[in-house]
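> Sending over a structure as structure tokens; questions will come in a sec.
Derivation of every value follows stated rules applied to the coordinates shown; laboratory data play no part. Here the structure is a predicted model, which means the values were calculated and not measured. With ideal geometry, Cβ positions are generated from the backbone for all residues, glycine too; neighbour counts draw on all protein chains shown.
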Amino acid sequence: MWHIRYPLADGAKTADGKDYLVVATTRPETVLGDTGVAVNPEDPRYKDLIGKFVILPLVDRRIPIVGDEHADMEKGTGCVKITPAHDFNDYEVGKRHALPMINILTFDGDIRETGGSLRYQRQRV
């Protein structure tokens, strides 16, 4: 399990004063395709952040924080990265919130040009 910090944009803070959200994931390779972070709309830790933004690590892209019951308050950190092009559940969340889909992988498993400077560079060793 990977734990990734997503800095909050525009000076936003969590209910306990943090300037970031932590998302736990088993799929860190898809972070470049994240187009949102979901929190449960009933979660007192995060409900005031719905409609605000985080900065996607590594690429500095602003992505929205959406309120969705897919985020389980009792599981993990309560924050779920949404990568609609790479997960069936995320696809459904993305449709509900009109999030874009970014497919970051080629059929060979390489990172596409959309991955920018972080795309995989094949090299002989």
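> Just give me a number: lysine pairs in the chain, eight or more positions apart or cross-chain, with C-alpha atoms less than 20 Å apart.
Lysine pairs satisfying the spacing and distance rule in the chain number 12.
> Name the chymotrypsin sites (Phe, Trp or Tyr not before Pro) in the stretch 70-108 that are in a loop by DSSP and that have at most 10 other C-beta atoms within 10 Å, would you?
Taking the stretch 70-108 and a limit of 10 other Cβ atoms within 10 Å, the loop chymotrypsin sites (Phe, Trp or Tyr not before Pro) found are 107.
> Assuming R0 = 30 Å, can you tell me the calculated FRET efficiency for the pair residue 10 and residue 69, based on Cβ-Cβ distance, to the nearest 0.05?
0.70
> Along each of its three principal axes, how wide is the spread of alpha-carbon positions in the stretch 1-52, in whole angstrom units, largest first?
29, 23, 18
> Follow-up question, since we're still on this one. Sort out the exposed loop GluC sites (Glu not before Pro) in the chain (DSSP loop, at most 13 other Cβ within 10 Å) and tell me the longest stretch that has none.
Counting only loop sites that pass the neighbour cut-off, the longest clear stretch is 75-125.
> Please grab the % of Cα pairs in the chain that end up more than 26 Å from each other.
The share of Cα pairs beyond 26 Å in the chain comes to 19 percent.
> How about the stretch 17-77: which trypsin sites (Lys or Arg not before Pro) there are in a DSSP loop, with at most 11 other Cβ atoms within 10 Å of their Cβ?
75
> Now a separate question. Around residue 21, which amide H atoms from residues at least 5 apart in sequence, or from another chain, sit under 5 Å from its own amide H, with H modelled in the peptide plane?
Those lying under 5 Å, H to H, from residue 21 are 6, 8.
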